[in-house]
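Chemist: Take this structure first; my questions come after.
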Amino acid sequence: MRVRHLLSPLVASARDLLPIVVVIAFFQLLVLQQPIPNLGELLVGTLFVMIGLAMFVRGLEMGLFPIGESMAYAFARKGSLAWLSLFAFALGFGTTIAEPALIAVADEAAEVAAAGNMIDTSDEAKAFYANGLRLTVALSVGFAILIGVLRIIRGWPIHYLIIAGYIGVIVMTAFAPPEIIGIAYDSGGVTTSTITVPLVTALGVGLASSIKGRNPMIDGFGLIAFASLTPMIFVMAYGMFI
């Protein structure tokens, strides 16, 4: 029983990776008709990915999901809107600023901006641009989670807020510099990655479960949508400012 318990995450991660392996093998061997380069390293790397994915998912189940839900319950019982709002903002900010995907995109954006003579080519200028981009996105996600928590508490319909947000994106797109628009749109995607999604989802579901009259399926989800939406607006404003 214990062996099966340990192997089940590995089997699940292998099943999840199987379509990717099949697609790569099909196009490499049948369409391109070329041998797979560095096959040994590729197999070892795939094994590491499978093990890492299994450990990551297991870690979410054991750590991040329970702590997010328990803290949401605790703040709901405390009954302090101010503390809950501060926690929601801090959670969104803290998880986003640590996102590896956002760090990578911000650094790449700084390199491209320097190559395009939008900023100075010095390391200080590139670091300032990248850090400013990360800070802007983190602030926007903190604001988004705050709005999402207020929506759960007040019972606001999610579609009205989403429609208003995308109207804001369209308006900002008309005025933002063309060089920042693509980065802004991509920023909305990279924020919802490995660190942010589990904690934010657990917060929403836990909060909706602990408030009388709220349905976790209806009210608990949707925070990630706000976290994807607001960075587009904030980053375009950042591009207009700098």
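The values are calculated or read from the model by the stated rules, or taken from the named source; none is laboratory data. These figures come from a predicted structure and were not determined experimentally. Because the Cβ atoms are built from the backbone with ideal geometry, glycine has one as well, and the counts that use them run over all protein chains shown. Ligands, DNA and RNA are excluded from the accessible area calculation, which covers all protein heavy atoms including side chains. Shrake-Rupley method; radii C 1.70, N 1.55, O 1.52, S 1.80 Å.
Chemist: Of everything in the range 25-40, what is at pLDDT below 85 and either of a type in the set (Ser, Thr, Tyr) or open to solvent by 90 Å² or more (accessible area, probe 1.4 Å) (or both)? Give them in sequence order. Steps first, please.
Modeler: Kept after step one, since they are at pLDDT below 85, are these residues of the range 25-40: 25, 28-40.
The answer is LEU30, LEU32, GLN33, GLN34, PRO35, ASN38.
Chemist: Now for a separate question. State the number of residues belonging to the range 217-236 that are at pLDDT 90 or above and open to solvent by 20 Å² or more (accessible area, probe 1.4 Å).
Modeler: Number satisfying all stated conditions: 3.
Chemist: Suppose we filter GLY188, GLY213 for residues that are in contact (Cβ under 8 Å) with a residue 40 or more places away in the chain and in a helix (DSSP H, G or I); which single one remains?
Modeler: GLY188
Chemist: Another question, if that's okay. Given the residues ALA54, ALA98, ALA72, ALA88, which is the only one that is farther than 24 Å from GLY220 by Cβ and under 24 Å from the mean Cα position of the chain (by Cα)? Don't jump to the end; show me each part of the working.
Modeler: Values: ALA98 fails: farther than 24 Å from GLY220 by Cβ; ALA72 fails: farther than 24 Å from GLY220 by Cβ; ALA88 fails: farther than 24 Å from GLY220 by Cβ.
Result of the check over ALA54, ALA98, ALA72, ALA88: ALA54.
Chemist: Inspect the range 68-83 for any residue being of a type in the set (Lys, Arg) and buried (at least 16 other Cβ atoms within 10 Å of the Cβ) and give the result as yes or no. Quick ask: steps written out before the conclusion?
Modeler: Our first condition is that a residue be of a type in the set (Lys, Arg); within the range 68-83, this holds for 77-78.
Checking the rest, the ones that are also buried (at least 16 other Cβ atoms within 10 Å of the Cβ) come to none.
No, there is no match, as no residue in the range 68-83 is of a type in the set (Lys, Arg) and buried (at least 16 other Cβ atoms within 10 Å of the Cβ).
Chemist: Follow-up. Could you tell me how many of the residues in the range 15-57 are closer than 22 Å to VAL197 by Cα and among the aliphatic types (A, V, I, L, M)?
Modeler: Total satisfying the criteria: 8.
Chemist: Being open to solvent by 60 Å² or more (accessible area, probe 1.4 Å) and touching a residue at least 12 places away in the same chain (Cβ under 8 Å) is the filter here, so list the residues in the range 41-50 that pass it.
Modeler: VAL49
Chemist: LEU207 versus (1) within 30 Å of PHE75 (Cα to Cα); (2) in a helix (DSSP H, G or I); (3) open to solvent by 10 Å² or more (accessible area, probe 1.4 Å): which is the lone unmet condition?
Modeler: Result: LEU207 fails condition (3) only.
Chemist: Now a separate question. I need every pair where a residue in the range 51-62 that is in contact (Cβ under 8 Å) with a residue 12 or more places away in the chain has its Cβ under 8 Å from the Cβ of a residue that is of a type in the set (A, V, I, L, M), sequence separation at least 6 or different chains.
Modeler: Once the first residue is in contact (Cβ under 8 Å) with a residue 12 or more places away in the chain and sits in the range 51-62, its partners that are of a type in the set (A, V, I, L, M) give ILE51/LEU10; LEU53/LEU17; ALA54/LEU10; ALA54/ALA12; VAL57/ALA12.
Chemist: Could I ask something else about it? Just wondering, is there one or more residues in the range 169-180 that are modelled with pLDDT of 90 or more, assigned to a helix (DSSP H, G or I) and under 17 Å from LEU223 (Cβ atoms)?
Modeler: For the range 169-180, residues modelled with pLDDT of 90 or more, assigned to a helix (DSSP H, G or I) and under 17 Å from LEU223 (Cβ atoms): absent.
Chemist: Just one of LEU161, LEU150, LEU146 is more than 14 Å from ALA237 (Cβ to Cβ), surrounded by fewer than 17 Cβ atoms within 10 Å (Cβ to Cβ) and in contact with a Phe, Trp or Tyr (Cβ under 8 Å, 6 or more places away or on another chain); which is it?
Modeler: Selected residue: LEU150, the only one of LEU161, LEU150, LEU146 that is more than 14 Å from ALA237 (Cβ to Cβ), surrounded by fewer than 17 Cβ atoms within 10 Å (Cβ to Cβ) and in contact with a Phe, Trp or Tyr (Cβ under 8 Å, 6 or more places away or on another chain).
Chemist: Looking at the range 137-153, is at least one residue closer than 16 Å to PHE241 by Cβ, part of a helix (DSSP H, G or I) and more than 20 Å from the chain's Cα centre (by Cα)?
Modeler: The answer is no, given that none of the residues of the range 137-153 is closer than 16 Å to PHE241 by Cβ, part of a helix (DSSP H, G or I) and more than 20 Å from the chain's Cα centre (by Cα).
Chemist: Return a yes/no flag: does the range 86-103 have any residue that is crowded, with 20+ Cβ neighbours inside 10 Å and not in a helix (DSSP H, G or I).
Modeler: yes
Chemist: Return a yes/no flag: does the range 166-176 have any residue that is buried (at least 17 other Cβ atoms within 10 Å of the Cβ) and not hydrophobic (A, V, I, L, M, F, W, C).
Modeler: So far as the range 166-176 goes, no, none of its residues is buried (at least 17 other Cβ atoms within 10 Å of the Cβ) and not hydrophobic (A, V, I, L, M, F, W, C).
Chemist: Could you list, in sequence order, all residues of the range 177-204 that are crowded, with 19+ Cβ neighbours inside 10 Å, among the hydroxyl-bearing types (Ser, Thr, Tyr) and closer than 22 Å to ALA237 by Cα?
Modeler: SER187, THR191, THR192
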